[in-house]
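J.: Let me give you the structure first, and then I'll get to my questions.
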Amino acid sequence: GKWTGLGVTGRVTHATPASMVTHVKSRGSEDDIALQLAQSGVEVIFGGGWDKFLPVRSQKVSEDAPRGPAGTAGLAPGRELFITGRDLLPSTRFLAAENPLLWNGNPYGTRNDSRNLVEEMKKRGYRFIRSPAELSVISSGPPGRVLGLFHSGSMPKASEGRNPSLSAMTLGALEILSHAPKGFFLMVEGSQIDWGGHANDFDYVMNEAADFDTAIDTVRRFLRD
């Protein structure tokens with residue numbers, strides 16, 4: 001509907017909020033979920049998972065190439081090979097939101113249908129952001145449709161310094177949606193609380209629960225002010 005927000009700390013294609021606007025047989029059908037989400041008309045979407053919104057791209061890597069987030073360690077001088085976004089996914093250590101590009105300047109993805117959902121959404125009036133700095137700027141600007149995908153795959157854990165934090169994404173969404181003349185609906189989930197439970201990791205659960213509690217306090221202060 002008009003003036004709706006969706007935010008998660010995981011990836012927007014693999015979490016409970018996505019089920020509010022998408023319908024598939026399995027939550028693992030992330031390409032289909034991303035496609036339906038892109039066509040849903042939701043005004044504000046924040047989370048991780050830009051790889052499911054972008055097509056696979058190949059990139060030549062060599063010892064002579066500028067060193068990027070993946071590095072080229074182990075390659076002998078003069079040797080080269082081709083990699084894609086999918087090749088990078090098993091090692092998410094270097095997939096930081098602050099450095100999300102391959103050396104040719106294009107974001108990588110894992111879609112095999114060649115569709116660029118980000119570009120399709122931009123043509124329908126969405127502004128695409130992928131960094132905490134862009135979130136800060138766009139939240140203070142004029143209202144409008146915003147797609148914020150801050151990580152390839154899932155967002156980092158709160159204990160790993162997730163940036164932007166759930167509180168920052170929540171406040172950004174509130175700032176944008178608050179311009180709605182007849183009110184708005186915002187769904188926020190700290191999805192990694194559940195992930196920590198599945199992993200039977202007490203510290204993971206507690207850190208994520210504390211992060212979600214901070215987000216709740218952010219909402220309360222926004223409403224009070």
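The values are calculated or read from the model by the stated rules, or taken from the named source; none is laboratory data. Here the structure is a predicted model, which means the values were calculated and not measured. Glycine gets a Cβ as well: all are built from the backbone with ideal geometry, and neighbour counts include every protein chain shown. Quick note on the areas: whole protein, heavy atoms, side chains included, nothing else; ligands and nucleic acids left out. Shrake-Rupley method; radii C 1.70, N 1.55, O 1.52, S 1.80 Å.
J.: Only one residue in Ser152, Ser167, Ser178 is out of contact with any helix residue (DSSP H, G or I) (no Cβ under 7 Å at 6 or more places or on another chain) and within 19 Å of Phe46 (Cα to Cα), so which one is that?
T.: Sole residue among the options that is out of contact with any helix residue (DSSP H, G or I) (no Cβ under 7 Å at 6 or more places or on another chain) and within 19 Å of Phe46 (Cα to Cα): Ser178.
J.: Go through segment 145-169 and give me each residue that's over 14 Å from the mean Cα position of the chain (by Cα), free of Cβ contacts under 8 Å to residues at least 60 places away in the same chain and open to solvent by less than 60 Å² (accessible area, probe 1.4 Å).
T.: Matches in segment 145-169: Gly161, Ser167.
J.: A follow-up question, please. How many residues, within segment 195-210, are farther than 21 Å from Ala168 by Cβ and open to solvent by 70 Å² or more (accessible area, probe 1.4 Å)?
T.: The total comes to 4.
J.: Right, another one. Do any residues in segment 196-209 that are touching a residue at least 24 places away in the same chain (Cβ under 8 Å) have Cβ atoms under 6 Å from those of residues that are open to solvent by less than 100 Å² (accessible area, probe 1.4 Å) and β-branched (Val, Ile, Thr), where the two are at least six apart or on different chains, and which pairs are they?
T.: Note: pairs meeting the criteria are Glu208/Ile193.
J.: Mind listing whichever residues of segment 144-162 are in a helix (DSSP H, G or I) and either small (Gly, Ala, Ser) or touching a strand residue (DSSP E or B) at 6+ places or on another chain (Cβ under 7 Å) (or both)?
T.: Result: Ala158, Ser159.
J.: Report, by residue number, each residue of segment 112-143 that is open to solvent by less than 70 Å² (accessible area, probe 1.4 Å), free of Cβ contacts under 8 Å to residues at least 40 places away in the same chain and assigned to a loop (DSSP other than H, G, I, E, B).
T.: Scanning segment 112-143 gives Gly125, Tyr126, Ser131, Gly141, Pro143.
J.: It is to be established whether one or more residues within segment 182-192 are among the aliphatic types (A, V, I, L, M), over 14 Å from the mean Cα position of the chain (by Cα) and surrounded by fewer than 23 Cβ atoms within 10 Å (Cβ to Cβ).
T.: yes
J.: Restricting to segment 5-45, what's the tally of residues that are hydroxyl-bearing (Ser, Thr, Tyr), modelled with pLDDT of 85 or more and assigned to a helix (DSSP H, G or I)?
T.: 0
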